[in-house]
Amino acid sequence: MSDIAEAIVLHKRAVELTPPGHADLPGYLGNLGKSLETRFHKTLDCDDLRASIAQYKVAATVTSGSPSFKFSAAKQWATLLHRYFPASPETLLAFETAVRLISVIAGLEQTVQPRHSQLQSISSFTLQAAAAACALGRPDKAIEWLEQGRCLVWTQLNHLRTPLDDLRVPHPDLAHRVLEISKAMESAGSRAGRSSMGAKALMSEKVGAEEEALSHIYSAKEWNSVLYTIRSVPGFENFLLPPSYSTLLQNLPESGWVIIINAHKDRSDALALGAGLDKPIHMELPGFSSEMAEKLRENLTKHLVDSKVRMREVEADEENGRGCKPVGLSKGTVLRDVLAYLWREAVKPIFDALKLSRSPSVLPRIWWCVTGPLAFLPLHAAGLYETLNSHTIFEYAVSSYTPTITSLTNRVRNIRRAPEDASGLFMVSQPNTPGLSRIPDTTKEVRAIQTQLDTCGVRTLMLEGDAATIEFGVMNMESYSCVHLACHAIQNKVEPLQSGFYFHDGPLSLSTIIKKDLKYADLAFLSACQTSAGEEKPSEEAVHLAGGMLAAGYRGVVAKMWSIRGHQAPQVAGDFYEYLLTEGGKGIDGSRASYALHHAIQKFRTRCDNSESSLLAWVPYVHLGL
């Protein structure tokens, strides 16, 4: 046996004998793989290479052993096969094995924060797998794997709220058991991270935390047990399993396109899904480079910081901003260059392939589902913004974002109209949050909206100043189908579920919101800064407030990628609700929110030019969801 093959055999034995969770082992396997690849290049020993790949396969598929080790082995198995034997019939199997293990690693037996931490190191592999599937002519597999390996935390939280109506009728006992276990797990999984317990914590607190952790593990085992039981029942074989490609096609929106863009260093591809189509439309994007997109992301982030519209933390000394200092006069063409690159190398080639025309009588919907650095770039505003003229995405379609296809199809399948006593808009205005800067334009914004809605007979409630407490805020979010939050926001990159919105007596966290039963949640308008600006790592988890509000149950969310001038927000919000009240009939219909935002931004654009400072003012507005 060669030295290389023997090394991998010894490694396999180490995987089986070493206790799970050993911190050094995943790094060891990765370093071993790099070392072996170097030796392969030097010796060109094909037999050694095949033997090593075979051992990685055994390590990846063995029934015992740590899931993180099995994933590392599967990753090496897939990567080596694709690099050296791309035509091998096992290549797709290897990638499939690795992708399925990602959700196991980020399993429900841990709290949300550890899952995010682990996903930082593995989320990019899903993009590699999708790129390989596209190269092998299997775009359907690329879509399946992107669904299985991205946004796992939000997806798992949504699984804990899956409607049980279909199961409840024939098997009420099983449905009740699922409901009870899921409530226990959701409560445990959304709790604050253990890091909040300092070294001086009482022993009783530490013992309580240990008992809580053990209870969580037990609930996770019960969850797996009940899922196994349900899936043995005829008709429920796929209950809560990752959807197959054919399943994803069943609940696509009736009009428009869902467009996935996978940006990886190996290649970039666009995959378009439309209702009534059996296969995705696959478009390779040879001119779109993930490396260039990453460079544009870095340049744009620096540009936003220099322009004082992108800050990491809430400032306490600024005036007239939504959590950041006022927008300064921006020089240069960084944002314009980003939008032009996105238009030329991504959006326009896709539109040409789909035969979408400029300025049709009725603009179609586009739902963008993006990966990699594209998650931080304003694809929805791509275009050529010349001094006197422009050629932009706005003339072709109305854009929205969706973290995953499943997130969108679930909303199509589970549309529920709120009864009269639950419909309406709940508004929060916090012009003077204790300890934070003044944002006086929130008062003008919210009161103008209330006047608009009262005139049309729409049920409204406004909490302002010291009346806007966390207790009353949560209570009224359950009582109103729509919410408008004009306040400071905080993005917690360490513990994402502790991100939230500042009410008078403190932050209302996503953790608190997600625990509530927002069964009629329709529209959330987040008039706060950077509510859809996620953290760079892990980029595939949509870790931002807008994604969290989607996970909490809202059908659609309006948010901002960065801050704007305070006096601009009331204008956009006023035009937004004016459109909803004019076009949507009686009440507020969140299904028209994307068109309402498109209308409001177009009106805003007529009031300004195509300068860099003007682009910074309106580009950050985005719509997510249905």
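The values are calculated or read from the model by the stated rules, or taken from the named source; none is laboratory data. Bear in mind the structure is a predicted one, so any value in this text is a computation, not a measurement. FYI the Cβ positions are ideal-geometry reconstructions off the backbone, even for glycines, and counts take in every protein chain you see.
Points to keep in mind about this one:
- Checking each residue in segment 410-432 for being among the hydroxyl-bearing types (Ser, Thr, Tyr) and surrounded by fewer than 23 Cβ atoms within 10 Å (Cβ to Cβ) picks out only 423.
- Scoring residue 242 on the criteria (1) modelled with pLDDT under 90; (2) surrounded by 18 or more Cβ atoms within 10 Å (Cβ to Cβ) leaves a single failure, condition (2).
- Criterion applied to 459, 416 was being touching a Ser or Thr at 6+ places or on another chain (Cβ under 8 Å) and of a type outside the set (Gly, Ala, Ser), and the one residue passing it is 459.
- Residue count, segment 359-399 (criterion: in contact (Cβ under 8 Å) with a residue 12 or more places away in the chain, of a type in the set (Gly, Ala, Ser) and not in a strand (DSSP E or B)): 6
- Hits in segment 431-458 (condition: of a type outside the set (Val, Ile, Thr) and in contact with a helix residue (DSSP H, G or I) (Cβ under 8 Å, 6 or more places away or on another chain)): 431, 432, 441, 444, 445, 448, 452, 453, 456
- Some residue of segment 341-354 being more than 16 Å from residue 261 (Cα to Cα) and touching a residue at least 40 places away in the same chain (Cβ under 8 Å): no
- Within segment 445-468, residues that are in the same structural domain as residue 572 (by TED's automatic domain parsing) reach partners that are basic (Lys, Arg) with beta carbons closer than 9 Å, at six or more positions or on different chains, in the pairs 453/459; 456/586; 457/586; 458/586; 462/447; 464/447.
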